[in-house]
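The values are calculated or read from the model by the stated rules, or taken from the named source; none is laboratory data. All values derive from a computational prediction rather than experimental measurement. Glycine gets a Cβ as well: all are built from the backbone with ideal geometry, and neighbour counts include every protein chain shown. Ligands, DNA and RNA are stripped out before the accessible areas are found, and what is left, the full protein with its side chains, is counted by its heavy atoms. Shrake-Rupley method; radii C 1.70, N 1.55, O 1.52, S 1.80 Å.
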Amino acid sequence: MRALDLSRLITAAADTIADHAEELTALDQAIGDGDHGLNMKRGFEALRSDANVFAAKPLPDALKAIGTKLVMTVGGASGPLFGTLFIALGKEISADPDNANLTAAFGKAIEAVAARGKSQVGQKTILDVLQPVRDALAGEKTAAEIADIADAAAKATVPMKALRGRASFLGDRSIGHMDAGARSTALLVRTLAQIIGDKA
Ligand code: ADP
Ligand code: MG
């Protein structure tokens with residue numbers, strides 16, 4: 001992977017979240033408390049404001065700072081979880097990662113999210129998109145394939161019963177709706193994959 005314009009990635013991610021905030025809110029309204037769109041928008045607008053600050057740092061430090069900012073600004077259950085993802089990624093990634101380093105770092109970051117959320121794959125959460133994306137990276141899929149895998153993984157949360165987060169309070173009534181966090185994860189994966197794919 002070549003050096004990336006981190007500022008461009010952050011701006012694109014913030015645009016995507018802003019464009020889909022209402023959709024994310026509607027998903028969270030169905031089986032949660034309806035704040036996921038607003039939570040994510042607040043966090044990613046905060047990243048946008050400081051995009052140049054993050055971009056000036058070496059990649060590991062930038063990812064740790066992004067994660068810390070997300071913990072402080074997103075709120076809800078998802079803030080600490082997305083924050084943990086980026087902080088752990090920053091701890092494991094090298095300054096100029098190749099696919100092997102990225103895959104290993106992403107795997108460790110997912111483990112950190114699972115530990116933080118006391119969650120695992122199959123419980124209708126962000127992990128249900130993150131894990132297939134890690135597996136796709138390990139399988140050296142193209143950026144376009146990874147984006148499609150993330151979308152399919154988010155859709156695959158529809159028939160799942162939520163076992164973590166607010167949606168779990170609904171029990172069987174959580175079945176039949178897409179998990180909001182899984183959807184926002186897939187949106188971010190597609191955005192990042194498009195830009196990184198263009199550069200690869
Ligand atoms: P809150 O649930 O506090 O209102 P959000 O609405 O911002 O926070 O985020 C909800 C999303 O967070 C869920 O859709 C789910 O994907 C994710 N989530 C919640 N709890 C967990 C957990 N324990 N592990 C992994 N992801 C989780
Ligand atoms: Mg919510």
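For a Förster distance of 30 Å, can you work out the FRET efficiency between the beta-carbons of residue 8 and residue 115, rounded to the nearest 0.05? In this case the efficiency is close to 0.45.
For the chain, adding -39500 (n - 2.57) for each run of n ≥ 4 DSSP H residues and dividing by the number of residues yields -23000 deg cm²/dmol at 222 nm. Computing Rg and the Kirkwood Rh from the Cα coordinates of the chain gives a ratio, Rg/Rh, of 0.94. Below 25 Å, Cα to Cα, which lysines can residue 161 reach? Residues fewer than 8 away in the same chain don't count. Hits, sequence-local ones excluded: 118, 124. Using the Cβ atoms and a cut-off under 13 Å, what net charge is assigned to the surroundings of residue 24, where Lys and Arg are +1 and Asp and Glu are -1? Neighbour charge sum, excluding residue 24 itself: -4.
Helix 36-49 versus the longest principal axis of the chain: what is the Cα-based angle in degrees, 0 to 90, to the nearest 10? Once rounded, the angle reads 10 degrees. If I fit a long axis through the Cα atoms of helix 143-155 and take the longest principal axis of the Cα atoms of the chain, what angle between them do I get, 0 to 90°, rounded to 10? Its long axis makes an angle of about 20 degrees.
For the pair residue 140 and residue 152, the difference between a 0.36 nm per residue extended length and the Cα-Cα distance amounts to 2.6 nm.
Between 26, 59, 71, the Cα set farthest toward the positive side of the dipole of segment 1-72 (charges on each charged residue's Cβ, about the Cα centre) is that of 59. The C-alpha atoms of the chain define a longest principal axis, and helix 127-138 lies at about 40 degrees to it. Rolling a 1.4 Å probe across the protein heavy atoms gives segment 1-71 an accessible surface of 47 Å² per residue. Accessible surface computed residue by residue for segment 81-200, with neighbouring protein chains in place and a 1.4 Å probe, gives 46 Å² per residue. Computed about its Cα centre, the charge dipole of the chain is approximately 500 debye, with only Lys, Arg, Asp and Glu carrying charge at their Cβ. Counting only protein heavy atoms and using a 1.4 Å probe, what share of the accessible area of the chain belongs to carbon plus sulfur, as a whole percent? Using a 1.4 Å probe with all protein chains present, the chain comes out at 54 percent carbon and sulfur.
So what's the gap between the Cα centers of segment 54-80 and segment 121-200, to the nearest angstrom? Using only Cα atoms to place each centre, the spacing works out to 20 Å. Along the chain, counting only trypsin sites (Lys or Arg not before Pro) with a DSSP assignment other than H, G, I, E or B and at most 15 other Cβ atoms inside a 10 Å radius, the longest segment between sites is 3-117.
Go ahead and run the numbers for FRET between residue 100 and residue 61, Cβ-Cβ distance against an R0 of 22 Å, rounding to 0.05. Working from the Cβ atoms, E equals 0.55.
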